[in-house]
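Worksheet for the structure shown next.
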Amino acid sequence: MQDRLESTYQQALAELETVRDSDVLRDWELKYLGKKGAITELVRSVGQLPKEERAAFGKHANEVKEALNAAFAAREALVRQQELARDLEEGEVDVTLPGRAPATGGLHPSTQTLREFYDIWGDMGFQVYRSREVEDDDTNFTLLNIPPHHPARDMQDTFYTTTPNIILRTHTSPGQIRAMRDLGERGTQPIRVILPGMCYRYEQITTRSEIQFHQVEGLAIGRNIHMTDLKGTITAFAQRMFGENARVRFRASYFPFTEPSMEVDVECFLCAGQGCRVCKYSGWLEIAGSGMVHPTVLRSGGYDPSEWSGFAFGMGPERVTMLKHGITDIRYFWGNDLRFLEQF
Ligand code: PHE
């Protein structure tokens, strides 16, 4: 057994000399020094020797083990160094190559349009007023002159919550009430604000209607505000948004919270009013609902309608974005398809 120990030792050393990479090194370690390695087995078999030989054999075996451990460590260091050198040589990096640009995010097309709105309205003295998306039935309807059971409630299908009277706002107009009560100082101060934000309607989703969409409400309250102010202000907006030659027309309409009420059309900029698919061959595109604030609504906001008046409008930024870019399906806006979003 002494001989076997010695020959195994020599064989192990010889083999170790030829090892060039860490995989083979690991195999070698398992083969000789591992739990079932040749040396380990020999050490374990010491019990088969006659008693008087055991001590000497054990001592020798331990010496061999230590010597091999040391040889292994030395070889390991050498192999590591060689592998590193090889890596550096083979994996040479060309540091002069141009880098890859990291992918950057972009603004959602609606956000871009909203910011354009803020710029234009801001220049005309309208501040942004943020109102809540979760509203109560009163503010969304009743205070806007839409009492319970009023047929106009059918114009907007509502998302109700499990809490009575708490709904998702169906338009930004309830923000009119909140802005008047918040900024009006009990009906003593003029107001000029826009109220942007998400609205929700329980509707069939189609290419033209979504269950969620932005609106930008506008509200101006003062002692001397007339319909000419409304028409002039909206025309100025349209000329900045759609070009200085943009023509605007006002059509009589109905909203419970304005009187009189008008719908605003801008001449179709895709066909210059000649008639095309987008404007449905009418030459005009609808961009807003508007009107003079109804006396009941002024009163809801704390103003005396015999002294104060105002105008209001509501626009749809998604609609404007669709018109500007020729987008034919509103479902792209919240579809989270990067192929759509990356175009803006
Ligand atoms: N709230 C109306 C709608 O959602 C738009 C509107 C706002 C009309 C302000 C007149 C005045 O359709």
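The values are calculated or read from the model by the stated rules, or taken from the named source; none is laboratory data. Only a predicted model underlies this, so the values are computations on that prediction, with no experimental measurement involved. All Cβ positions, glycine included, derive from the backbone under ideal geometry; neighbour counts span all protein chains shown. Surface accessibility is based on the protein's heavy atoms, side chains included, excluding ligands, DNA and RNA. Shrake-Rupley method; radii C 1.70, N 1.55, O 1.52, S 1.80 Å.
Screening E259 with (1) surrounded by fewer than 16 Cβ atoms within 10 Å (Cβ to Cβ); (2) away from the ligand (no atom under 12 Å from the Cβ) gives one miss only, at (2). Report yes if D154 is in the same structural domain as S306 (by TED's automatic domain parsing), of a type in the set (D, E, K, R) and either within 12 Å of the ligand (Cβ to nearest atom) or closer than 20 Å to F255 by Cα (or both), otherwise no. Yes; evaluated as a whole, the condition is true for this residue.
If you go through the range 263-286 and keep only what is within 16 Å of the ligand (Cβ to nearest atom) and open to solvent by 10 Å² or more (accessible area, probe 1.4 Å), you end up with E263, E286.
Among the residues of the range 201-225, just one is in contact with a strand residue (DSSP E or B) (Cβ under 8 Å, 6 or more places away or on another chain), open to solvent by 40 Å² or more (accessible area, probe 1.4 Å) and either among the aromatic types (F, W, Y) or outside any loop (DSSP other than H, G, I, E, B) (or both), namely Q212. Restricting the range 157-180 to residues that are assigned to a loop (DSSP other than H, G, I, E, B) and open to solvent by less than 10 Å² (accessible area, probe 1.4 Å) leaves a set whose member that is farthest from the ligand (Cβ to nearest atom) is R169. Only residues that are within 11 Å of the ligand (Cβ to nearest atom), open to solvent by 10 Å² or more (accessible area, probe 1.4 Å) and part of a strand (DSSP E or B) were counted across the range 294-330, and they come to 1. Checked against the criteria, S290 does not count as out of contact with any Asp or Glu (no Cβ under 8 Å at 6 or more places or on another chain) and of a type outside the set (V, I, T). So, in the range 226-249, of the ones that are without any contact (Cβ under 8 Å) to a residue 24 or more places away in the chain and not in a helix (DSSP H, G or I), which residue ends up nearest to the ligand (Cβ to nearest atom)? Ranking the candidates gives V248 first.
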